[in-house]
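First comes the structure, then the notes that go with it.
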Amino acid sequence: MTTKDRILDAALTLFAENGYDGTSVEQIAQIVGIKAPSLYKHYKGKEDILNALIDSAEVRYEEMFGSEKHIGKIPESREEFIRATMARISFTMSDPIIRKTRMLLVQEQFRSERISEVTTRHQLDGVRRMFAKIIQGMMDKGLVKTDDPTLLAVELTAPAVLEIARSDRQPQYGQEALEAIEKHLRHFCDVYMK
């Protein structure tokens, strides 16, 4: 791991635990094992580190979870849809980088317009649009009853977002949250899939 990567790793942990304002460049440098002035060889400052963290997490999320522009293969069956959706949810709940980034975003969403926009995209708008496209694709294949795909996407994703938020606050409920999400997903399929 490069020094730049170690700086990002340390900063993400500290920002998630203490918030952006509760973390100093000196604390980040200390965890990395460098002097604070050496950190400036890699990043202009704390805001530059924050922006690099957000950029990196967005790339990772796009690759592993998907997005409106990267929905992946449209499922061919109910079980394929459940498997693919649960894989996405398991990733977002268990990936340490994404989990810490989500914790950081939730804490800092009122401090920064960029963080507010990223948080809304990943917890509401983007995930809703992505699943609306997937649901529309499944409607086109005759797997899902014809309806408003955007409303169905909200109905599908809202309980998952709530359960993920709960598991972030109370990690001991992580497995219970996954089970509740899968139960809801199966109910959604029972109601809307042909």
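Placing a pseudo-label 7 Å from each Cα along the Cα-to-Cβ vector at T3 and D190 gives an inter-label distance of 5.9 nm. The slack in the chain from E80 to Q27, taken as 0.36 nm per residue of separation less the alpha-carbon distance, amounts to 14.5 nm. For region 1-51, the square roots of the Cα gyration tensor eigenvalues, ordered a ≥ b ≥ c, give a/c below 1.5, which places it in the rounded category. Loop-located trypsin sites (Lys or Arg not before Pro) in region 104-138 (DSSP state not H, G, I, E or B) with no more than 16 neighbouring Cβ atoms inside 10 Å: R111.
Across region 86-136, the convex hull enclosing all Cα atoms gives 66 Å³ per residue.
Placing dummy labels 7 Å off each Cα toward the beta-carbon, the span from D48 to A87 is 3.9 nm.
In a DSSP loop and with at most 14 other Cβ atoms within 10 Å, the chymotrypsin sites (Phe, Trp or Tyr not before Pro) in region 88-172 are F110. Each Lys and Arg Cβ is given +1 and each Asp and Glu Cβ -1; about its Cα centre, the chain then shows a dipole of about 240 debye.
For the chain, lysine pairs separated by 8 or more sequence positions, or belonging to different chains, with Cα-Cα distances below 13 Å total 9.
Matching the structure-derived Cα extents along the principal axes in Å against the labelled list [x] 44, 42, 38; [y] 48, 38, 26; [z] 62, 33, 31 gives the label [z].
Here the spin labels are modelled as points 7 Å beyond Cα on the Cα-Cβ line, and at K73 and K183 they lie 3.1 nm apart.
Every number here is computed from the coordinates shown, using simple stated rules; none is lab data. Keep in mind the model is a prediction, meaning the values are calculated, not measured. Here Cβ is always computed from backbone atoms with ideal geometry, including for glycine, and neighbour counts include all displayed protein chains.
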